[in-house]
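In what follows, a single structure is set out as structure tokens and then discussed.
The values are calculated or read from the model by the stated rules, or taken from the named source; none is laboratory data. The shown structure was predicted, so the numbers you read here are calculated from the model rather than taken from an experiment. All Cβ positions, even for glycine, are placed from backbone atoms using ideal geometry, and neighbour counts span all protein chains on display.
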Amino acid sequence: MLTFVATVRDLSHKGLGVVDHPDGRTFFVRGTWPGDEAEFEISLASRKYDEARLVRLVVPSKDRTEVICAHRGYLPGQCGGCPWMLADYHSQLHFKRKRLVHALEKRRVSSSVTVPNVMPSPKVLGYRNRVQLKTDGSRLGYVSEGSSVFAPVDDCVIMNETLRGLFHDLRSTLPRDDWSPTGGHRWSFLDLDDESTLEKIVLNKRRPFRQGNSEQNDVMRRWIREKFSALPAHFPVIDLFCGSGNFTEVLSELGFTNILAVEVQGTALEALTQARFPGVRILPLDMTKKGVWATIARSQPHAKALLLDPPREGLEKRRGLFKYLDNLEVIYYISCEIDTFSRDAADFLKHGWQLQEVTPIDLFPHTPHVEVLSVFTRR
């Protein structure tokens with residue numbers, strides 16, 4: 001192994017510190033922040049772009065702060081869930097915006113829009129309303145950053161008060177033989193949210209998706225209410241990747257009478273069906289299959305507005321959107337992954353759309369994650 005001393009000059013698109021070796025190679029380092037001067041370790045076989053290990057801090061960045069979680073770390077066996085907890089919140093927001101700007105510039109879609117500061121979370125601790133825990137039947141925890149190593153924890157400071165109480169109630173039931181992993185798996189998982197109860201928790205079963213920060217979800221719902229309030233209530237609307245109806249409910253409350261809510265089969269669709277929102281028709285559809293846009297167009301042939309909130313993969317099948325939905329006037333795109341968002345935005349521009357507005361919002365403090373609220377209109 002070889003060591004060298006350098007200063008972290010930036011963060012990578014994955015949120016790792018970027019350092020330059022004296023010989024010109026570039027390395028990415030967990031547990032570092034821009035401005036850190038430190039000693040790093042690399043292997044003899046390191047490539048031009050590779051990971052290095054932090055050995056010791058020489059001079060810490062001025063933006064570093066105390067990590068208040070005893071379990072947080074970047075080594076195997078330590079929790080990797082909050083990799084940016086080492087930096088003060090203002091600095092986190094600065095680099096979140098920088099990540100978004102870089103992604104848009106890389107795809108050449110930033111010239112027509114100004115990226116504002118990231119909307120901060122009202123809470124930087126105790127904000128999370130849902131988690132997925134891992135268990136081996138005797139412990140609860142997460143997974144170490146960049147690995148598949150179990151990281152047991154006895155507390156979690158990012159959970160909100162209700163969820164944190166449930167977590168401690170769960171720990172009091174351990175050990176449990178019925179939670180031991182089976183089928184060669186390293187652990188079982190528990191999907192929890194602040195609406196769960198101890199009696200109704202089901203091992204290895206996913207709960208319907210929810211936005212993980214309730215306060216920021218309220219902000220997003222207000223944003224949708226504001227945007228759609230400017231549209232006529234008779235506009236045919238498509239709510240794509242609608243989940244259990246988090247945003248569908250807002251559209252229904254606004255009085256839209258022709259809403260097509262699209263979601264794949266599962267617990268979210270079951271919850272949406274049970275909600276019975278006025279003005280909403282439900283189309284069960286897997287957006288990864290062929291011919292999905294033709295199916296949507298047959299169900300909503302005169303759609304004027306499209307609201308979509310896809311998973312991290314973004315809108316992987318886009319071609320049919322431009323082919324079949326030629327009556328669309330506006331697209332509201334909510335994204336949880338800036339790389340796939342910028343990819344999709346570039347394709348929208350190629351097909352005659354313009355990015356009118358982009359609003360970054362912080363749902364998950366202490367992580368590189370940035371949620372993006374955006375508006376596209378036809379050129």
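Details
- Residues satisfying the stated conditions in the stretch 104-144, i.e. over 20 Å from residue 84 (Cβ atoms), in contact with a strand residue (DSSP E or B) (Cβ under 7 Å, 6 or more places away or on another chain) and hydroxyl-bearing (Ser, Thr, Tyr): 112, 135
- Of the criteria (1) within 22 Å of residue 93 (Cβ to Cβ); (2) of a type outside the set (Asp, Glu); (3) surrounded by fewer than 16 Cβ atoms within 10 Å (Cβ to Cβ), which one residue 49 fails: (1)
- Residues of the stretch 140-156 that turn out to be aliphatic (A, V, I, L, M) and more than 14 Å from residue 170 (Cβ to Cβ), as a count: 3
- Taken over the stretch 250-276, the criterion of being out of contact with any Lys or Arg (no Cβ under 6 Å at 6 or more places or on another chain), within 16 Å of residue 234 (Cα to Cα) and not polar (S, T, N, Q) is satisfied by 251, 253, 254, 255, 256, 259, 261.
- Selection status of residue 69, on the phi < 0 side of the Ramachandran plot, in a loop (DSSP other than H, G, I, E, B), hydrophobic (A, V, I, L, M, F, W, C) and crowded, with 20+ Cβ neighbours inside 10 Å: no
- So residue 256, is it out of contact with any helix residue (DSSP H, G or I) (no Cβ under 6 Å at 6 or more places or on another chain) and of a type in the set (Phe, Trp, Tyr): yes
- Among the residues of the stretch 174-190, just one is crowded, with 19+ Cβ neighbours inside 10 Å and either under 23 Å from residue 127 (Cα atoms) or assigned by TED's automatic domain parsing to the domain that holds residue 310 (or both), namely 190.
- Which numbered condition residue 61 fails, given (1) surrounded by 15 or more Cβ atoms within 10 Å (Cβ to Cβ); (2) of a type in the set (S, T, N, Q); (3) within 24 Å of the chain's Cα centre (by Cα): (3)
- Test: residue in the stretch 349-366 that is assigned by TED's automatic domain parsing to the domain that holds residue 250, in contact with a His (Cβ under 9 Å, 6 or more places away or on another chain) and either more than 30 Å from residue 91 (Cα to Cα) or in contact (Cβ under 8 Å) with a residue 40 or more places away in the chain (or both): yes
- Screening the stretch 103-116 for residues that are out of contact with any helix residue (DSSP H, G or I) (no Cβ under 6 Å at 6 or more places or on another chain) and either assigned to a loop (DSSP other than H, G, I, E, B) or not assigned by TED's automatic domain parsing to the domain that holds residue 361 (or both) and picking the one that is farthest from residue 219 (Cα to Cα) gives 108.
- Residue within the stretch 217-226 that is outside the structural domain of residue 357 (by TED's automatic domain parsing) and either among the hydroxyl-bearing types (Ser, Thr, Tyr) or over 18 Å from residue 129 (Cβ atoms) (or both) present: no
- Applying the criterion of being closer than 18 Å to residue 292 by Cβ and exposed (fewer than 14 other Cβ atoms within 10 Å of the Cβ) to the residues of the stretch 265-282, the residue that is nearest to the chain's Cα centre (by Cα) is 265.
- Residues of the stretch 328-371 that are within 23 Å of residue 259 (Cα to Cα), surrounded by 21 or more Cβ atoms within 10 Å (Cβ to Cβ) and not aromatic (Phe, Trp, Tyr): 331, 334, 335.
- Elements of the type strands (runs of 3 or more DSSP E) sitting completely within the stretch 129-229 and holding at least 2 residues that are over 24 Å from the mean Cα position of the chain (by Cα): there are none.
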